[in-house]
1. Determine the dipole magnitude for the chain: charges of +1 sit on the beta-carbon of Lys and Arg, -1 on that of Asp and Glu, nothing else is charged, the reference point is the Cα centre, and the result goes in debye to the nearest 20.
2. Return the FRET efficiency for the residue pair LYS417, GLU92: r is the Cβ-Cβ distance, R0 is 45 Å, and the value is rounded to the nearest 0.05.
3. Pop the C-beta distance of ASP133 and ASN532 into the FRET formula with R0 = 51 Å and round what comes out to the nearest 0.05.
4. So how many Å³ per residue does the convex hull of the Cα atoms of the chain work out to?
5. Alpha carbon centre of region 195-242 versus region 297-311: separation in Å?
6. At most 15 other Cβ atoms within 10 Å and a DSSP loop assignment: could you name the chymotrypsin sites (Phe, Trp or Tyr not before Pro) in region 40-83 that fit?
7. How much area per residue is accessible in the chain when the probe is 1.4 Å and only protein heavy atoms are counted (Å²)?
8. Once phi is turned into θ = phi - 60°, what whole-Hz ³J(HN,Hα) does the Karplus curve with 6.51, -1.76 and 1.60 give for every residue of region 254-265, x standing for Gly and Pro?
Amino acid sequence: MKRKIKKIAIGFIIITSLLVSVGYQSDFFEIAKQIDIYTTLFKELNIHYVDEVNPAKLTNNAINNMLKNLDPYTRYYDEQGVEDARIASMGEYGGIGVVTKFINKSILIEDVIKNSPAQKANLKPGDKILKIDETFVKDFQAEGASSLLNGLPNTKINLQIERQNRTFDVTLTRKKISINPVPYYTMVTKTIGYISFTKFNQKAASEVKKAMLDLKDQGMQQLIIDVRNNPGGLLNEAVKITNFFIPKDKIVVTTKAKTEQWSETFKTYNDPIDTSIPLIILVNNHSASASEILAGSLQDYDRAVIIGNRSFGKGLVQRYRELPYGTQMKLTISKYYTPSGRCIQELDYTNRDDKGNVPKFSDAGRKSYKTEKGRTVYGGGGILPDVDLKQQELNKTTETLFNSEAFFNYATQYFYKNNSIKNPLEFRLKESDFNNLMAYLNNHNEAFKTKTEEQLLKVKKEANEDDLSGNFNTVFKSIKTEKLNNLAKDKAAILNKLEENIIQRYFYDEGVFQHKIKFDQEIAKAVSVLDNPNQYKKILEN
């Protein structure tokens, strides 16, 4: 009997091995087949297509179109893209200290870093870079133009600038630019410290620690960490920062991958800085990835009160893989799970419908989990705050405005019309300022187009080609009126955003944070909770 069972077991193992082998060979054959088709097609195009083709551009387009059907985070990087990714990760580079955007065949300066070569050369947001050394920007593609500004520290760079319809030349000396993930921290009250934390690069943990220790020296007894609009970054940095507040050898996050070697459990491995300081984490719908690991793990251990709005819901982990000729791919390798076992991924990219729409995991209901003290928390759809401050949802017209040239240009115009403004703790815009903005938008509609208007312009062009003359002007006029009416519904949010944009022109990022400390409702709520120890304790025990 035992011999018979043994034979059956051996037979089962052999059959299983053969099936796995056949499956593997089948997958390998399919991959080889598709590669063969692509290389043959590529060769035929290169040899026989009537005009010259650009092999690099064709390959980039093919790869990017293939990857975009997976998820937004799996990406291919050419040599320049690899360098940009390295800068984002390292938090430093050789350059002049500007944030730029390629638009209308020029490089638009959107922001100038304080104490940078650009600031010392008196460059301003709204300036357009037309020429870099002997290279005209208009002759470059969008991807490569801004990279010309970077180079080795202590090297010279000559720029031709256009400002307010005036052109001039300026020479700068590049230097090492450090991107501090903690752009601002301060004491909000005599006992409450505040740290603004904007990205998880390689300097994140060290800068947060430096800020914490400095605030402690100033008398801090309670702490607010603000990760609103923090898109995340390096997972290890999130683990290190969580470790500041919880004991050694605690699980912070677990990743589960298709490849077993990439399934890992990340634990705290250092002694903490402070395991008892009352702590609040501020989040919003743009807090993602590593920000959610930080907030989620501290929530699971009942170590911090989370205040704000539901976070973005990015529970996917990426890793870089080297490719030939100095290129790279960043691909999604796993999902992460907080200590209670919840995955907070919101969008289910695997199950798109026939039209490409991505469903939400939360649509099917959110599974409940328990924190260390037994509080109920939920997986799927981001981190739900302990104190949920219902944020007014902006209409699509307002979102379009914030990303438009018109909004940026209006702030630039305001800067040049006003030599100075009140300090950030006092500066407020009024009803008349909103009316001035509306009048500007009414006269600059071409720099503020909705998707509807863009589509309608295409239809109008096709109509003209078909010798049709529909009354499009009436439709455009109606849409323009409706746009301005929609903006009036979000007046408070628009004025707040415009205040920050204007303050940044005069006082840089530091001024924006000073303004927030006084007028931001979420920070005020955090201070209120910390000022009431019984409420803070009740939230963590409820």
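1. So the magnitude is around 1540 debye.
2. Rounded to the nearest 0.05, the efficiency is 0.80.
3. The value I calculate is 0.30.
4. Values: hull volume 127.2 nm³, N = 542.
It is 235 Å³ per residue.
5. 15 Å
6. Sparse-neighbourhood loop chymotrypsin sites (Phe, Trp or Tyr not before Pro): TYR49, TYR73.
7. 56 Å²
8. Those phi angles translate into 10, 10, 10, 10, 5, 8, 4, 5, 9, 8, 9, 10 Hz.
The values are calculated or read from the model by the stated rules, or taken from the named source; none is laboratory data. The structure presented is a predicted model; accordingly, all values stated were derived computationally and were not measured. All Cβ positions, glycine included, derive from the backbone under ideal geometry; neighbour counts span all protein chains shown. Note: accessible area is taken over every heavy atom of the protein model, side chains too, but ligands, DNA and RNA are not part of it. Shrake-Rupley method; radii C 1.70, N 1.55, O 1.52, S 1.80 Å.
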